[in-house]
Structure formats: structure tokens, C-alpha cells
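Trainee: Let me give you the structure first, and then I'll get to my questions.
The values are calculated or read from the model by the stated rules, or taken from the named source; none is laboratory data. Keep in mind it's a predicted model, so treat the numbers as computed, not measured. Don't worry about glycine lacking a Cβ; one is built from the backbone with ideal geometry, like all the others, and counts go over all protein chains shown. Note: accessible area is taken over every heavy atom of the protein model, side chains too, but ligands, DNA and RNA are not part of it. Shrake-Rupley method; radii C 1.70, N 1.55, O 1.52, S 1.80 Å.
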Amino acid sequence: MRKTIFITGTSSGLGKLTAKYFAEQGWNVAATMRTPEKETELTQYNNIKIFKLDVTKTDEVKTAVAAAVAAFGKIDVVLNNAGMGTYGALELAKEADIDWQFAVNVRGPINVIRGFLPHFREQQGGRFINVSSWMGLTTAVPLGSLYNMSKFALEGLTEGLYYELKPLNIDLHLIEQGGSADNNFQHNIAWNENPAIDAYDATTAKLKAIMGDTTRVLSDPMTIVTVIYSLATGASKQFRNVIGQDGKDLLALRNSVPIEQYLETVAANFA
Ligand SMILES: NC(=O)c1ccc[n+]([C@@H]2O[C@H](COP(=O)([O-])OP(=O)(O)OC[C@H]3O[C@@H](n4cnc5c(N)ncnc54)[C@H](OP(=O)(O)O)[C@@H]3O)[C@@H](O)[C@H]2O)c1
């Protein structure tokens with residue numbers, strides 16, 4: 001019987017690429033997105049069905065989960081991929097953007113996981129793959145505290161759930177990516193700025209230059225997709241999957257020196 005994956009945030013980037021790859025490998029794909037009416041590419045696949053889903057809306061989660069289960073009979077793997085970033089000084093962040101960061105990156109996966117648990121319990125098994133970041137395991141830049149907060153929370157959620165879901169034959173994995181060469185993430189960033197306060201301008205300019213640096217070596221997105229595939233099929237059992245040499249180097253440093261030294265090393269890059 002064909003396996004089925006349910007994916008959030010398939011309008012662009014990693015989500016879209018993963019949906020296409022799984023479909024090409026013969027899986028059924030429940031591809032979810034906020035604006036299905038705009039989609040023209042995933043609609044070309046017979047084994048992809050598209051469902052409307054804003055992960056922050058619990059009523060939409062209920063509807064999308066029920067519709068996907070009704071369409072395919074059984075969901076084997078859920079990929080919590082949808083995400084956005086709020087960057088900039090915490091002092092300058094709009095109240096709504098602070099809440100939105102948490103709503104999409106943390107409450108979203110919570111909503112989707114809770115939506116699927118009755119189905120996974122009933123079928124006595126299932127798999128959640130949560131897309132985090134190495135920003136979920138370490139800090140790397142100034143002005144990213146809210147994004148760090150959200151992905152650190154996703155790490156804690158996933159690790160904590162491991163114990164309560166293991167007896168139910170439901171497993172969890174984390175993708176620790178650092179950005180790939182093919183995504184729309186820059187458009188999913190809310191920058192905190194206020195023309196009346198210039199105290200953070202110099203640091204903001206440095207961070208924007210790094211993020212916009214097109215010569216930066218980014219991961220081939222297919223590397224990430226194939227790691228997700230090996231987790232989905234059970235070929236890999238790895239809990240945390242760090243992808244990208246920059247992330248691996250940073251985590252090696254983080255794990256090899258005292259935290260005070262690590263913080264000063266990163267801060268020096270922005271001095
Ligand atoms: N790109 C990076 O630098 C980077 C680095 C590390 C980790 N990540 C993580 O990788 C994941 C995928 O991002 P990406 O790089 O592929 O960027 P992307 O192209 O911006 O994809 C993000 C996806 O999330 C969707 N989304 C945003 N808010 C949503 C909501 N409320 N409900 C449902 N979907 C929502 C977006 O849909 P819309 O089109 O509707 O906005 C889009 O499909 C995210 O979790 C991100 O945090 C990215």
C-alpha cells in the first residue's frame with residue numbers, strides 16, 4: 001500500500017520541494033498551504049492533494065486533518081515545515097509580530113501534532129518530522145532572539161514528546177537546517193525597525209548584509225529533502241539531523257568551549 005505524507009507550508013521552499021520529491025517516489029502527498037487557490041505546480045501531480053491550512057488556526061487544522069485522512073485513509077508521516085522569522089531588536093518588535101513568531105513556529109506544530117494524535121493512536125503508530133534550524137540548537141547572530149526562541153521551543157517540544165509518544169509507537173525527528181539555496185524565507189521575515197531609534201541600526205545593517213550575501217554557501221535543498229525521505233521511510237533513525245557545514249562548524253564550537261567564550265566569539269563577528 002502506498003505511504004502518505006502530510007506536509008505544512010508547501011507553497012514554496014523546502015515544503016514544495018519535499019512534496020514534489022515524495023510524489024515522484026510514489027508516495028501520496030497531502031500538501032497544505034494557506035492559499036491553495038494560487039498553486040499551479042503541485043496541482044499537476046495525480047498523487048498530490050492540496051488542502052487549505054494556516055497552522056495557527058485550530059479549526060483549519062481539524063478540517064485539513066480530517067480531509068486528508070478521508071482522502072488517503074491513512075497518514076504515515078507528518079512534516080511540520082511551515083515557519084517564518086521575526087528579526088530585529090526585541091525592543092522594536094511589534095506586539096503582534098512577537099506573538100506571530102510563536103504562533104507559527106511553535107503553536108503551529110503543536111496544533112498539527114495534536115490534530116494527528118488521535119489518528120496515530122488509532123492506527124497504532126506514526127511519525128512526526130519537525131523542521132527546526134541550527135538556530136534551534138545555538139545562537140548565531142544578534143537580532144534573532146525571537147526566531148531562536150521559537151526554534152529552541154520546537155526542540156524542547158519535540159524532545160519532551162519523545163517520551164510520551166514512544167510507548168504509542170509514534171516517533172519524532174528534527175531537521176536542523178541552516179537555509180537552502182531555494183526558498184522564499186526572506187519574504188517570510190518580519191523586520192523590527194523604528195526610524196526614531198537608531199541604537200540598533202549598525203548591527204541591523206551587518207545582519208542584513210550577511211543574510212543578503214549571495215556568495216554565502218547554502219545547502220543544496222535536495223540534501224535536506226533526501227534526509228527527510230530517509231527519516232520518513234525509516235531508513236534513518238537519527239533524532240537530530242544537522243544539515244549544512246556552517247551549522248555543523250558552529251555547533252562543534254558551541255560544544256567545545258565554555259558558553260561565555262562562545263558568546264564572545266559570535267559577538268566579535270558583529271563588533
Ligand atoms: N530558509 C532559511 O534560511 C531557513 C533556515 C533554517 C530553518 N528554516 C526553516 O525551514 C522551514 C521552511 O522554510 P523555507 O526555507 O522553505 O522558507 P519558505 O520558502 O519561506 O517556506 C515557508 C513556508 O511556510 C509557510 N507558512 C508561513 N506561515 C504559515 C502559516 N501560518 N500557516 C501555514 N503555512 C505558513 C509559507 O507559506 P506562505 O506562502 O503562505 O507564506 C511557506 O510555504 C521553516 O520552518 C523555516 O523556519 C529556514
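Trainee: Which one is nearest to the chain's Cα centre (by Cα), of the residues in the range 42-60 that are within 10 Å of the ligand (Cβ to nearest atom) and either under 15 Å from PHE6 (Cα atoms) or among the basic types (Lys, Arg) (or both)?
Mentor: This residue is VAL55.
Trainee: Quick one: would you say TYR229 is open to solvent by less than 90 Å² (accessible area, probe 1.4 Å), aromatic (Phe, Trp, Tyr), more than 15 Å from the ligand (Cβ to nearest atom) and not in a loop (DSSP other than H, G, I, E, B)?
Mentor: It is true that TYR229 is open to solvent by less than 90 Å² (accessible area, probe 1.4 Å), aromatic (Phe, Trp, Tyr), more than 15 Å from the ligand (Cβ to nearest atom) and not in a loop (DSSP other than H, G, I, E, B).
Trainee: Can you tell me which condition PHE152 does not meet? The list is (1) under 14 Å from the mean Cα position of the chain (by Cα); (2) touching a residue at least 40 places away in the same chain (Cβ under 8 Å); (3) open to solvent by 10 Å² or more (accessible area, probe 1.4 Å), and all the others hold.
Mentor: Tallying (1) under 14 Å from the mean Cα position of the chain (by Cα); (2) touching a residue at least 40 places away in the same chain (Cβ under 8 Å); (3) open to solvent by 10 Å² or more (accessible area, probe 1.4 Å), PHE152 fails exactly one: (2).
Trainee: Hey, another quick one. For the condition free of Cβ contacts under 8 Å to residues at least 60 places away in the same chain, in contact with a Phe, Trp or Tyr (Cβ under 9 Å, 6 or more places away or on another chain) and surrounded by fewer than 19 Cβ atoms within 10 Å (Cβ to Cβ), what is the one hit in ALA30, ALA71?
Mentor: ALA71
Trainee: Does the range 128-147 contain any residue that is closer than 22 Å to VAL29 by Cα, more than 11 Å from the ligand (Cβ to nearest atom) and either in a helix (DSSP H, G or I) or open to solvent by 10 Å² or more (accessible area, probe 1.4 Å) (or both)?
Mentor: We begin by selecting, within the range 128-147, every residue closer than 22 Å to VAL29 by Cα; these are 128-132.
Then keep just the ones that are more than 11 Å from the ligand (Cβ to nearest atom); that gives 128-129.
Next cut, either in a helix (DSSP H, G or I) or open to solvent by 10 Å² or more (accessible area, probe 1.4 Å) (or both) only: none.
Scanning the range 128-147 turns up no residue that is closer than 22 Å to VAL29 by Cα, more than 11 Å from the ligand (Cβ to nearest atom) and either in a helix (DSSP H, G or I) or open to solvent by 10 Å² or more (accessible area, probe 1.4 Å) (or both).
Trainee: Being within 14 Å of the ligand (Cβ to nearest atom), among the basic types (Lys, Arg) and at pLDDT 95 or above: is that true of LYS3 here?
Mentor: Details: within 14 Å of the ligand (Cβ to nearest atom): no; among the basic types (Lys, Arg): yes; at pLDDT 95 or above: yes.
Here the answer is no, as LYS3 does not meet what is asked.
Trainee: Report the residue count in the range 6-27 for those that are open to solvent by less than 40 Å² (accessible area, probe 1.4 Å), within 13 Å of the ligand (Cβ to nearest atom) and touching a Lys or Arg at 6+ places or on another chain (Cβ under 8 Å).
Mentor: 1
Condition check ((1) out of contact with any Cys (no Cβ under 9 Å at 6 or more places or on another chain); (2) at pLDDT 95 or above; (3) outside any helix (DSSP H, G or I)) across all residues:
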residue: LEU154; (1), (2), (3): yes, yes, no
residue: LEU161; (1), (2), (3): yes, yes, no
residue: PRO167; (1), (2), (3): yes, yes, no
residue: ASP171; (1), (2), (3): yes, yes, yes
residue: ILE175; (1), (2), (3): yes, yes, yes
residue: GLY178; (1), (2), (3): yes, no, yes
residue: GLN186; (1), (2), (3): yes, no, no
residue: ALA190; (1), (2), (3): yes, no, yes
residue: ASN194; (1), (2), (3): yes, no, yes
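Trainee: Restricting to the range 196-221, and then to whatever is of a type in the set (Val, Ile, Thr) and in a loop (DSSP other than H, G, I, E, B), can you tell me which residue is surrounded by the most Cβ atoms within 10 Å (Cβ to Cβ)?
Mentor: Among them, the one singled out is ILE197.
Trainee: Among the residues of the range 240-259, count how many are surrounded by 15 or more Cβ atoms within 10 Å (Cβ to Cβ) and of a type outside the set (Val, Ile, Thr). Explain how you work it out, then say what you get.
Mentor: Step one: of the range 240-259, the residues surrounded by 15 or more Cβ atoms within 10 Å (Cβ to Cβ) are 240-244, 246-247, 250-251, 254.
Narrowing further to those that are of a type outside the set (Val, Ile, Thr): 240-241, 244, 246-247, 250-251, 254.
Total meeting the criteria: 8.
Trainee: Is it the case that ILE224 is in contact (Cβ under 8 Å) with a residue 12 or more places away in the chain and surrounded by fewer than 19 Cβ atoms within 10 Å (Cβ to Cβ)?
Mentor: Here the answer is no, as ILE224 does not meet what is asked.
Trainee: Here's something else I'd like to know. Examine the range 105-113 for a residue that is modelled with pLDDT of 95 or more, small (Gly, Ala, Ser), more than 11 Å from the ligand (Cβ to nearest atom) and over 19 Å from ASP246 (Cα atoms), and state whether such a residue exists.
Mentor: Within the range 105-113, none of the residues are modelled with pLDDT of 95 or more, small (Gly, Ala, Ser), more than 11 Å from the ligand (Cβ to nearest atom) and over 19 Å from ASP246 (Cα atoms).
Trainee: Name the residue, out of GLU95, GLU39, that is more than 16 Å from the ligand (Cβ to nearest atom) and either open to solvent by 40 Å² or more (accessible area, probe 1.4 Å) or modelled with pLDDT of 95 or more (or both).
Mentor: Exactly one residue qualifies, and that residue is GLU95.
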